[in-house]
Amino acid sequence: MPLCLRCGLSAEGGAWHERLVVAYSEPQRAYHTLQHLEECLRTLDDARQTGLIAEPDLIEMALWFHDAVYDPQGGENEALSAQMAVEALGESAMAREVARLIMLTKSHEPGEGVDDAWIIDIDLAIFAQPMERVMEYERQIRQEYGWVPETVYAEKRAEILTGFLERGRIYLTAWAGERFESRARENLRMLIDAVKQVTL
C-alpha cells in the first residue's frame, strides 16, 4: 500500500505529490532539491531494514515535507514546511507528530520521540557520502547563498561545519554511527579546510 494511503491521503495523495515535486524543483534551490529528497528516502529504505524504526511511515512522510518550503533568505522554512504537512494530513495526532519530526531538521537535536534520532541522522547522511558528492553538496549550498559575500559566507559556513564536527557524536543511532561517523568526520575536516582557505 502506498505511503499516501497508509497515512490517510488517499483522495489527495497524487495532488500533494505533484505539489511537492514542484516545490523541490523551485529555482532558488540547488541542494534542497529532489536530489536531496531522493537521497534521504534511499537512506531511510536502508535504515528500515534494521527493523528498529518505530514509525517508519511517519519518518518517510516527514522527509517528503521537511524542505517543502525553502527560502535561503528565510528563517521559517521548517515551520512553514511543518505547517504544510499538517495542511496535507489534516489536524490529527499523526500530523502533529510529522510536523514535530520536521522541526527536528532545523536544530538537528532530538526531543523525546522514539524515532527522533533517525530523521536527524538521515538528514545529515550527506556528510558521509563519497567525496565527489560532498564537494557537489558544498557547491550547491554556496549557490543557494550566492548573495552572501565570499568572506562572510566562508566564516559562517566554517562555523556551522565546525559545530557538527565538535559534537561528541554526529550520528545518534548506532546504525548510522557505524556507517557514517568516521567518513563524515573526515569529510567535514576537509570541507572546513577548503572553506577556510577563502579567508586566508
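Residue separation of Glu132 and Ile160 scaled by 0.36 nm, minus their Cα-Cα distance, works out to 8.0 nm of gained length. Rolling a 1.4 Å probe across the protein heavy atoms gives the stretch 89-200 an accessible surface of 52 Å² per residue. Against the chain, whose longest principal axis is taken from its Cα atoms, helix 174-196 shows a tilt of about 40°. The mean sequence separation of alpha-carbon pairs under 8 Å and at least six residues apart, normalised by the residue count of the chain, gives a relative contact order of 19 percent.
For Cα Rg over 2.2 N^0.38 Å, the value calculated from this model appears in (i) 1.03; (ii) 0.99; (iii) 1.18 under label (i). Ranking Glu181, Glu55 from most to least accessible surface, computed with a 1.4 Å probe over the protein chains only, gives Glu55, Glu181. Extending 7 Å from the Cα toward the beta-carbon at both Ser182 and Glu12 defines two label points whose distance is 4.8 nm. With a cut-off of 11 Å between beta carbons, the residues surrounding Glu87 carry a summed charge of -1, where Lys and Arg count +1 and Asp and Glu -1. Label-to-label distance, Gln35 versus Val21, with points set 7 angstrom from Cα along the beta-carbon direction: 1.9 nm. Between the Cα long axis of helix 93-107 and the first principal axis of the chain there is an angle of about 0°, rounded to the nearest 10. Counting heavy atoms of the protein chains alone, Trp147 has an accessible area of about 120 Å² for a 1.4 Å probe. Working note: Karplus 6.51/-1.76/1.60 with θ = phi - 60° gives the stretch 133-142 the couplings 5, 5, 5, 4, 4, 5, 5, 5, 4, 4 Hz, where Gly and Pro are set to x. Seen against the Cα atoms of the chain and their longest principal axis, helix 34-48 is set at about 70 degrees.
Just to check, using Stokes-Einstein with a Kirkwood Rh over alpha carbon pairs, what's the diffusion coefficient of the stretch 154-200 at 37 °C and 0.692 mPa s in µm²/s? Approximately 295 µm²/s, per Stokes-Einstein.
Remark: the chain carries a charge dipole of roughly 440 debye about the Cα centre, counting +1 on each Lys and Arg Cβ and -1 on each Asp and Glu Cβ.
On the beta carbon distance between Arg139 and Ser92, with R0 = 41 Å, the FRET formula returns roughly 0.55.
Only four residue types carry charge here, +1 at the Cβ of Lys and Arg and -1 at the Cβ of Asp and Glu. Report the dipole size of the stretch 107-200 about the Cα centre in Debye, rounded to the nearest 20.
I would put it at about 360 debye.
The values are calculated or read from the model by the stated rules, or taken from the named source; none is laboratory data. Remember, predicted model here, so these are calculated numbers, not experimental data. Note that we place each Cβ from the backbone using ideal geometry, even for glycine, and neighbour counts take in every protein chain shown. The protein model used for the area step is the full one, side chains on, heavy atoms only, and it has no ligands, DNA or RNA in it. Shrake-Rupley method; radii C 1.70, N 1.55, O 1.52, S 1.80 Å.
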